[in-house]
1. Give the separation of the Cα centroids, the range 302-348 to the range 186-228, in Å.
2. At 7 Å along Cα-to-Cβ for each site, give me the label-to-label distance between residue 371 and residue 318 in nm.
3. With axes computed from alpha carbons, what is the tilt in degrees of helix 199-208 against the longest principal axis of the chain, rounded to the nearest 10 within 0 to 90?
4. Rounded if a/c is under 1.5, else prolate if a/b beats b/c, else oblate: with a ≥ b ≥ c from the C-alpha gyration tensor eigenvalues square-rooted, which is the range 304-364?
5. Relative contact order for the chain: what is it in percent, counting Cα pairs under 8 Å that are at least 6 residues apart?
6. Mind checking the angle between helix 281-306 and the chain's longest principal axis? C-alpha axes, 0 to 90 degrees, to the nearest 10.
7. Sorted by packing (mean other beta-carbon atoms within 10 Å per residue), highest first, where do 324-333, 249-258 land?
8. Taking only DSSP H segments of four or more residues, each worth -39500 (n - 2.57), what value at 222 nm results for the chain once the sum is divided by all its residues, to the nearest 500 deg cm²/dmol?
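Laboratory data are not the source of any read-out in this text; all were calculated from the coordinates shown. Treat the numbers as computed from the prediction; the structure is a model and nothing was measured. Don't worry about glycine lacking a Cβ; one is built from the backbone with ideal geometry, like all the others, and counts go over all protein chains shown.
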């Protein structure tokens, strides 16, 4: 396919399969005539190349040479952009050898020139090799065509090997809504596990023995005259891409991967809260409930990570009984490990795939979203949408004072977080200086609230460590409580000033 600028792109969904899933998929109506073409099976051996310093990977590019029988094809791909489906630039050229041809890649308009140092052609070396048996079918869905590829084989790098058993659904013609509808139909019959990590990325990890890296959210790029429905679609795609990009790091137990996954869930919920007056309530209610459930599981793992990495060390430094407080570390590590097991389970559940595909399909369907006002330009809707979030925060903060308990501050904190995400989602519609100043004020308030919330969460977790089975931990919990309360009191004192300043500002959108 090509995008609006004429650039060749690849739009695909990838799923990890269980051992018997391929056989079960082949028996489905979607995989059989007349809906699907006859299957074609071939062996594909792909070698991925880069410099010793991984210049291509660091620039978000991959370069491979693939043998398909007697054919040789060189492919350059760019990093996937936001969305449940990977959407990336793809440039293919036929070759006559097994070695890459950079001159050919440059002549074809790929972005590879900006990624490589001078003389890089002599520096390129193999990073990983995938050896795949691929069975493809072309599936027709209304006016759209999707290529379904069942891949079975392995990726090998530096003597390490990882198995491959996956389904790729690539949109060849038509719209993404058809791609998601097909994926949902297949998933209803054969539970699938959505995957965002490419074969190239897995090959690099095998080669260098590195863990998956957490990725922060990218800015949402909106055109000034974008319609509300299109803006929502782009915002949801951005947040879904953020969620899936961090799944591998979260599954590996990386603390930042867990953190970014939690943020992605909050961003999705905030997007629906921002547009809530215009959305069909039943669908958004179901999506929000599922996101809330997932958020609680991921949030528990994140809370224990923070407890171990920040709360305990900080409390031990502030307290004269630091050694006593550190007695909580070992039992906390056990609870953290259990929370990570639950997080991993949730991220591997078929329900996550259902949620991602459901949100993506829903956001692509203008008729299913809700109010007809969504067809208006976003700039005509934005002020009212942001006003609603601000008014809710002001209502929750009306009676807040320096001695307000953490439980009273928490609802306000949640409202301000949603307001912050809403402002960031719509940032492209307003002057950057105004956005930056307002977000800075929000962050000051949230930072003070975060310290209060951290103290409250610390005490909840510490008390969970005791219970009737571990009453011997009461003394260290008591020492932690003293240190936590001191930090909380200081944060509450600091909260009032930035909150008053934020309330006193005239919002930039008015």
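1. Value for the Cα centre distance between the two parts: 29 Å.
2. Rounded to a tenth, the inter-label distance reads 4.3 nm.
3. 70 degrees
4. On the way: a/c = 9.02, a/b = 2.86, b/c = 3.16.
It is oblate, given that a/c is not under 1.5 and a/b is not larger than b/c.
5. Result for the chain is 13 percent.
6. Once rounded, one gets 70 degrees.
7. Values: 324-333: 17.8, 249-258: 20.7.
Top of the packing list down: 249-258, 324-333.
8. Result for the chain: -16500 deg cm²/dmol, rounded to the nearest 500.
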